[in-house]
Amino acid sequence: MQEQYQANIIEAQVQENWAKNKSFRAEIQPNKEKFYCLSMFPYPSGRLHMGHVRNYTIGDVISRYQRMNGKNVLQTMGWDAFGMPAENAAMNHQVAPAKWTYENIDYMRNQLKLLGFAIDWSREITTCRPDYYRWEQWLFTRLFQKGIVYRKNGTVNWDPVDQTVLANEQVIDGRGWRSGALVEKREIPMYYFRISDYAEELLADLDKLEHWPERVKTMQRNWIGKSRGMTLRFAIAEESKAGLSGEAAQYVQVYTTRPDTIFGACAVVVAAEHPLAGAAAENRADLQAFIAECKAGSVAEADVATMEKKGMPTGRYVINPLSGERLEVWIANYVIWGYGDGAVMVVPAHDERDFEFALKYDLPIKQVIAQEDKPYDNQAWQEWYGNKENITLINSGEFNGLNFEQAFEAIGKKLQSLGAGEPKTQYRLRDWGISRQRYWGCPIPIIHCEDCGDVPVPDKDLPVVLPEDVVPDGSGSPLAKMPEFYETVCPNCGKAAKRETDTMDTFMESSWYQFRYMSPDYAQGMLESEAAAYWQSADQYIGGIEHAILHLLYARFYTKLMRDEGIVQVDEPFQRLLTQGMVLAGTWYREEASGKKHWFNPNEVSTLTDEKGRIIGGSLQRDGEAVLYGGMEKMSKSKNNGVDPQALIEQYGADTARLYTMFTSPPESTLEWSEHGVEGANRFLRRLWAYAYEYRQSLSQSHEAIALDEKHQSIRREIHEQLRSARFDYERNQFNTVVSAAMKILNALGNIEPDYAALRREGVRILLLILAPIVPHIVSVLWQELDFGGDLLNQQMPQPDEAALVQNRFTLVVQINGKKRGEIQVAADADEDSIVQTALNDGELRRYTDGKTLRKAIVVPQKLLNLVVSD
Ligand code: ANZ
Ligand code: ZN
């Protein structure tokens, strides 16, 4: 054993051993309980960042801990390899996205391997490989035949200069990110997944996910957005029907969650795409211009919610089915075409958005809901105007006096009898549009035939392989310019036909990878049935909160699709979910004369801290001059505060990086980067090594167990108490306190006298086993060097010895006449008399008891002795 702790040397050796012994190969073992631990796989952007290190270390600690609990553990890794950054890099460096991606994967795989994760690398998945996406295409064709995937026109952002479709994040302030041109909306045919059919199940099943963070479930619930309401039909006035035909000429249908407010409606507003809007605009240039304005701009929902509300009256009228009032129809930019009926009744008195709208356009505000003791003022909105609880209808004819539920019921009945409406439950969740007009994605396996329409590619012709040697130039989709890709024949009739050139949303690949890991090389289907039956679903999933909504929702949806195809037997893909906190670092800058800030990396700065460790200033190492502190922020390029894990590993080793990220904060909290903290973690490992080195010298001596004296009994108790709390903290994923427990044990070991060799050995063994999941390299070496025998990887996490935990002496607080006067030590089995005697004989306490008469003594076991004395 080396005297010095040399992380890089021992880590390389240990990792080589694991690889040689295939230590983390996971096989089906029918008689052993499985544990499938899954971390969100990375996008191969080029280099690992600290967020990856933290994420995968958490997963690794959980995996190794579960293995020590006797589980058959599967831990996996792969690459979410399709996506836009590859295309951008390709354009910037004239390199094919495939080449760029594969090189990044090779680099990052090496980086991951340096961290020593217990991953079954034989199951590595790369989603841009045809043997992976083949099965995605296969499922797509099945679902297309079932009608769960369908094609219809959808709205996209169109860049008129680059002649290309833009993703929402490529639209910046309404302009294309490259061309700067004003973005237009365009209708093009797209493929959709009918996720709305699963809205209720996706909502209801959230209740089964007991081990998911409540806030993630709330986000999903809100996204699904179930609402109970009613559709109402407002008949179109006779003179307002010009240019409309069929049902569109009869009525405007609206969706509302507040039918009880129908008497307060002052107008009906429709989306720019609504037929009535089109008809009204026929001979009106002003309306046409307004409709065009509404249709331009981003389609992102967030933008719709925050933009300024605008409207324009059409001069057409409808009739309120209950009050008989004539209401004008307006066109407004905040009505979403595609939600409800794309038309809304405007009730300014009780809807905040309508209130604003009415003030702006001077529409009448009529109160129809009252609440006791609450005066209504139609100049300023108040929270209660929108209440449903404890309200009474007013100004509502025969419905006056009803509360919300009664009104919902009665108005619903009345509307139904008039044929003017009925109850309806709605979901905000829209069908999932998966077509992307990009190159670096999974080709959509559809062939367009003039005679047969959209024909799915037959199984035998899958996969539709994406050519990998293409360098996109940013104008339109490269595939659409490659006849050698799109020219084909119809599988149905054999006539010349055109292959679809759109690719799939990259959320597709990450929606089912959790299952593919179970049988990654299976060539006969998506998932081999025996593997599916054994591994079921991930017992633990770990990843960033930024995926709380879409990724998790799509993966849950996909699981239900695969279940309905008979491929898996589970309803949900992830049993437990841990969302790890962000990694932050200090930001440092100097302001240039222009006022522009120049940001320095934390590695270039020497920080000054006060005695509590708080940052009070810093200077640039290069010139020694001061730099300004900009606070702790999420590591990012823009503030130049990212810390490269590679440098950290090279300098200190993987175990230090792992220990640091686990010790600094609990997994779900933010982690504030500090060089100081890293040094502390490294110092602990060096102390551990030094202790072990010294201990090793004593190994030749006898290990005979000698009876423990009181001091050593309490050391043993401390060790077992720390073991107990470490186990408890492992179970609740609170690894920072596991590390604290280990530190306390190391301290306790330092107090053992040389004669107590057996106790020492017991303590060292417990310490190593507690630390094994967190710093597996150093522990592997010490386990061997200290002759504990057997493979560390096959050890179980020890159980605390209950006998050791029994405390045989206690400290009692002594109160005399109600005042705390001191403390005494007593044996656990001491009776009341001897406790009182101990107190009366105590030198300190005699001051208060000598010469007095004891009137009363009360013992609260193991805590308190109360004496009442008098003269
Ligand atoms: C009248 C009313 C009165 C409304 C009132 C609310 C409060 P959720 O819960 O999200 O389903 N709405 C309906 N369709 C819309 C569309 N296409 N675009 C924009 N807004 C639309 O919300 C349903 C409510 O959102 C509906 O209830 C409607 O406004 C509006 F005191 O109708 B309400
Ligand atoms: Zn055909």
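Side notes on the structure shown:
Here is a yes/no grid of residues against (1) within 16 Å of ligand 1 (Cβ to nearest atom); (2) assigned to a helix (DSSP H, G or I); (3) crowded, with 19+ Cβ neighbours inside 10 Å:
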position	(1), (2), (3)
373	no, no, no
376	yes, no, no
388	yes, no, no
395	yes, no, no
406	no, yes, no
416	no, yes, no
439	no, no, yes
454	no, no, no
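- Test for residue 78: is it in contact with a His (Cβ under 8 Å, 6 or more places away or on another chain) and either surrounded by 20 or more Cβ atoms within 10 Å (Cβ to Cβ) or without any contact (Cβ under 8 Å) to a residue 40 or more places away in the chain (or both): no
Let's see how each residue does on (1) within 16 Å of ligand 2 (Cβ to nearest atom); (2) within 30 Å of residue 541 (Cα to Cα); (3) charged (D, E, K, R):
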residue: 476; (1), (2), (3): no, no, no
residue: 491; (1), (2), (3): yes, no, no
residue: 496; (1), (2), (3): yes, no, no
residue: 511; (1), (2), (3): no, yes, no
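- Residue that is farthest from ligand 2 (Cβ to nearest atom) [pool: residues in region 359-371 that are on the phi < 0 side of the Ramachandran plot and loosely packed, with under 13 Cβ neighbours inside 10 Å]: 364
- Within region 420-458, being of a type in the set (Gly, Ala, Ser) and either touching a residue at least 24 places away in the same chain (Cβ under 8 Å) or in contact with a strand residue (DSSP E or B) (Cβ under 7 Å, 6 or more places away or on another chain) (or both) holds for 420, 421, 433, 435, 441.
- Residue selected from region 466-479 under the condition farther than 18 Å from residue 133 by Cα and in contact with a helix residue (DSSP H, G or I) (Cβ under 7 Å, 6 or more places away or on another chain), by the criterion nearest to ligand 1 (Cβ to nearest atom): 474
- Condition check for residue 344: part of a strand (DSSP E or B), β-branched (Val, Ile, Thr), within 11 Å of ligand 1 (Cβ to nearest atom) and within 37 Å of the chain's Cα centre (by Cα): yes
Okay, residues lined up against (1) within 15 Å of residue 316 (Cα to Cα); (2) outside any strand (DSSP E or B):
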site	(1), (2)
215	no, yes
235	yes, no
239	yes, yes
244	yes, yes
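- Among (1) within 16 Å of ligand 2 (Cβ to nearest atom); (2) within 30 Å of residue 90 (Cβ to Cβ); (3) hydrophobic (A, V, I, L, M, F, W, C) - the single one residue 455 does not satisfy: (2)
- Inspection of region 256-272 finds no residue satisfying the criterion of being more than 29 Å from residue 359 (Cα to Cα), touching a Leu at 6+ places or on another chain (Cβ under 8 Å) and in a loop (DSSP other than H, G, I, E, B).
- In region 818-833, the residues that are farther than 21 Å from residue 870 by Cα and either among the charged types (D, E, K, R) or over 58 Å from the mean Cα position of the chain (by Cα) (or both): 829, 831
- The single condition among (1) modelled with pLDDT of 95 or more; (2) in contact with a strand residue (DSSP E or B) (Cβ under 8 Å, 6 or more places away or on another chain); (3) surrounded by fewer than 21 Cβ atoms within 10 Å (Cβ to Cβ) that residue 504 does not meet is (3).
- Within region 153-198, being free of Cβ contacts under 8 Å to residues at least 40 places away in the same chain, touching an Asp or Glu at 6+ places or on another chain (Cβ under 7 Å) and crowded, with 18+ Cβ neighbours inside 10 Å holds for 158, 166, 176.
- Which listed residue, of 102, 150, 133, is surrounded by fewer than 20 Cβ atoms within 10 Å (Cβ to Cβ), within 30 Å of residue 461 (Cβ to Cβ) and in contact with a helix residue (DSSP H, G or I) (Cβ under 8 Å, 6 or more places away or on another chain): 150
- Residues of region 421-437 satisfying the condition of being surrounded by 15 or more Cβ atoms within 10 Å (Cβ to Cβ), among the polar types (S, T, N, Q) and within 16 Å of ligand 1 (Cβ to nearest atom): 426
- For region 576-608, filtered to residues that are of a type in the set (A, V, I, L, M, F, W, C), within 29 Å of residue 667 (Cβ to Cβ) and out of contact with any helix residue (DSSP H, G or I) (no Cβ under 8 Å at 6 or more places or on another chain), the residue that is surrounded by the most Cβ atoms within 10 Å (Cβ to Cβ) is 605.
The values are calculated or read from the model by the stated rules, or taken from the named source; none is laboratory data. These figures come from a predicted structure and were not determined experimentally. Reconstructed Cβ throughout: ideal geometry from the backbone, glycine too, with neighbour counts over all protein chains shown.
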